[in-house]
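Below you'll find the structure, written out as structure tokens, and then a few comments.
The values are calculated or read from the model by the stated rules, or taken from the named source; none is laboratory data. Everything quoted here is computed from the prediction, not taken from an experiment. Backbone-built Cβ (ideal geometry, glycine too); neighbour counts: all protein chains shown. These area figures cover heavy atoms from the full protein model, side chains too; ligands, DNA and RNA do not enter into them. Shrake-Rupley method; radii C 1.70, N 1.55, O 1.52, S 1.80 Å.
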Amino acid sequence: LARGGGEPDLVDRHVVVSAGGTREYLDPVRFLGNRSSGRQGYALARAAAARGGRVTLLAANVALPDPAGVGIVRVGSAAQLYEAAVAAAADADAVVMAAAVADFRPADYTDTKIKKSSDGSSPVIELERTADILAHLAAHRPHPGQVVVGFAAETGDEHGSVLDHGRAKLASKGCDLLVVNEVGADRGFESEQNEAVVLGADGSCVAVETGPKSALAHVVWDLVVARL
Ligand code: CTP
Ligand code: CA
């Protein structure tokens, strides 16, 4: 299945890729963030450009060199990514949400730095839910042929295996493909390598053995192109 992306099969296609991790600020200097480096999203953008696609890369707090031939939109928070993703998806043939999006944001933002209180007490930070961008995109496609892809980093637990969680997430998000990574202490994040299973809403399941993120990227585009 993975051809290594030698063909210009995304010519005349617009694809949108989100990458990195959102930051939800508490005050001007502090935020709730996550460990996503943006490498997988950048590899997806680079691979799509190599296949001839017009690529919009929504980069959330990524410290990597800009991929050549890709339009980059920088965002910070989940709310900013939501706005940018909805705008970019309007004329897209495919959207791949590789960014790690905060599930919660601080309910309040103070525009001055939070100080320690003199009585030694600790503040309680109230959180509120962010919007689910992937589920929104999948439910509000501008045209029925748009392919929507999510990523999920999962761990197996007492409620089910990594794949059980992946299947359930694919169904709840309503997307066409879900790239499921098994994560642990030293797997997935900040790594050059990636190993994954790509689940399809059609019941398909494609295992991608450990390899560079570019190889996984090309498998994802192979599967997307087959659905365009
Ligand atoms: N995602 C999103 N918007 C959110 C949260 C997640 O678009 N507010 C997207 C991610 O970009 C990813 C997919 O949803 O493509 C799965 O993210 P994940 O965190 O695994 O899913 P959640 O629904 O947030 O589930 P969990 O409670 O396991 O974190
Ligand atoms: Ca989440």
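Each pair of Cα atoms in the stretch 78-156 enters the Kirkwood radius, and Stokes-Einstein at 37 °C and 0.692 mPa s then converts it into a translational diffusion coefficient of 215 µm²/s. Close amide-amide hydrogen proximity is noted between SER77 and ARG23, each under 5 Å apart and 5 or more residues distant or on a separate chain (H modeled in the peptide plane; Pro and chain starts excluded). Between the alpha-carbon centres of the stretch 117-177 and the stretch 201-228 there is a gap of 20 Å. Heavy-atom surface analysis with a 1.4 Å probe gives the stretch 99-162 a carbon and sulfur content of 51 percent of its accessible area.
Exposure check, 1.4 Å probe, all protein chains in place: SER36 carries approximately 30 Å² of accessible surface.
A crude spin-label estimate for the pair SER161 and ASP27, with each label 7 Å from Cα along the Cβ direction, gives 4.8 nm.
Extension gain for LEU64-ASP108 works out to 12.8 nm (0.36 nm per residue, less the C-alpha to C-alpha distance). Spin-label model, ASP119 to ALA168: label points 7 Å out along the Cα-to-beta-carbon direction sit 4.2 nm apart. When GluC sites (Glu not before Pro) are flagged only if DSSP places them in a loop and at most 10 other Cβ atoms lie within 10 Å, the longest unflagged stretch of the chain comes out as 1-125.
Here the calculated FRET efficiency for ALA79 and GLU126, from their Cβ-Cβ distance with R0 = 22 Å, stands at 0.85, rounded to the nearest 0.05.
Report, to one decimal in Å, the Kirkwood hydrodynamic radius for the stretch 1-80 based on all distinct Cα pairs.
Values: mean 1/r = 0.0743 Å⁻¹.
Computed over the stretch 1-80, the radius equals 13.5 Å.
For ASP12 and THR210, the FRET efficiency from 1/(1 + (r/R0)^6), where r spans their Cβ atoms and R0 equals 41 Å, is about 0.75. Remark: the chain carries 50 Å² of accessible area per residue (probe radius 1.4 Å; ligands, DNA and RNA excluded).
For the set CYS175, CYS205, solvent exposure ranked by accessible area (probe 1.4 Å, protein chains only) runs largest to smallest as CYS205, CYS175. Computed from the Cα positions only, the extents of the chain along the three principal axes stand at 65, 41, 32 Å, in decreasing order.
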